[in-house]
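Engineer: First the structure, which I've put down as structure tokens, then a few questions once you've had a look.
The values are calculated or read from the model by the stated rules, or taken from the named source; none is laboratory data. Predicted, not measured: the structure shown is a model, and the values here were computed from it. FYI the Cβ positions are ideal-geometry reconstructions off the backbone, even for glycines, and counts take in every protein chain you see. SASA here: full protein model, heavy atoms, side chains in, ligands and nucleic acids out. Shrake-Rupley method; radii C 1.70, N 1.55, O 1.52, S 1.80 Å.
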Amino acid sequence: MVNTKIRRMKKEDLPEVMDELLRLKRLNSEFDCSFTVSEEARPDIENYLMKILNDESHVLLVAEYSSKVVGILIADILFRIYYTPKYEARIREFYVMPEYRRKGIGRMLIDELRNTLKEKDIILITAEFPSLNLIAQDFYKKMGYREIVSIYGQTSTNGPCP
């Protein structure tokens, strides 16, 4: 999308990033009740983001359009002790505001992540999202990603969720 800038997240972006993260997490709860958002978590999330903002083991990117943050990508850099390549970037948070979707912003965020990782010689990028999120599945498949791991869960109660 013309006039969209992809850049590293700054401390000043925190309020907009927080709003988008919480929108993303609320969306995740529609796919599985184990993703129910804790409304009391906001201070913890803010503290976590401040902690990882300049940490070399994380990449935090924003898409900015007309001075507004319209997309976010947060990836963790993981050490893979048993495997080659030794490092992986796992996209844990990825969100583009609905009114800015289908304009190439998601691809721009992924491309910038790839460029950032190239500087660190990291070639493996994975993405984590709820299994029932068909929109995310379709997006990543179109980008050439494939399924490589499954995670199953169960609560200790009788039902699927507490």
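Engineer: List every residue whose amide H lies under 5 Å from the amide H of A127, counting only residues 5 or more places away in sequence or on a different chain, with H placed 1.01 Å from N in the peptide plane.
Structural biologist: When sequence neighbours closer than 5 places are left aside, the close amide H contacts are I91.
Engineer: Under a point-charge model restricted to the Cβ atoms of Lys and Arg (+1) and Asp and Glu (-1), what is the dipole moment magnitude of the range 22-104 relative to its Cα centre, in debye to the nearest 20?
Structural biologist: 360 debye
Engineer: Run through all the Cα pairs of the range 4-142 and give the fraction in each 5 Å bin from 0, expressed as whole percent.
Structural biologist: The percentages, shortest bin first, are 2, 9, 19, 22, 22, 17, 7, 2, 0.
Engineer: On a straight-distance basis, which lysines could pair with K103 in a cross-link, Cα separation under 29 angstrom, same-chain partners fewer than 8 positions away excluded?
Structural biologist: K5, K10, K11, K25, K68, K118, K120, K141, K142
Engineer: So the label point goes 7 Å from the Cα of N133 along Cα→C-beta, right? Which residues of the range 53-92 then have their backbone N under 13 Å from it?
Structural biologist: 72-75, 91-92
Engineer: For the range 10-57 and the range 70-116, write down the distance between their C-alpha centroids in whole Å.
Structural biologist: 16 Å
Engineer: About the Cα centre of the chain, how large is the charge dipole given +1 on each Lys and Arg Cβ and -1 on each Asp and Glu Cβ? Please answer in debye to the nearest 20.
Structural biologist: 600 debye
Engineer: While we're here: Tally Lys and Arg at +1 and Asp and Glu at -1 over the other residues with C-beta under 10 Å from the C-beta of K86: what net charge comes out?
Structural biologist: Around K86, the surrounding residues sum to -1.
Engineer: Counting just the Cα atoms, what span does the range 1-63 cover along each of its three principal axes? Round to the nearest Å and put the largest first.
Structural biologist: Dimensions of the range 1-63 along the principal axes of its Cα atoms: 35, 30, 21 Å.
Engineer: Among S38, S131, S57, which one shows the biggest mean-square fluctuation in a GNM of the chain, springs joining Cα atoms closer than 10 Å?
Structural biologist: S38
Engineer: So what is the accessible area of the chain per residue, in Å², with the probe set to 1.4 Å?
Structural biologist: On a per-residue basis, 65 Å².
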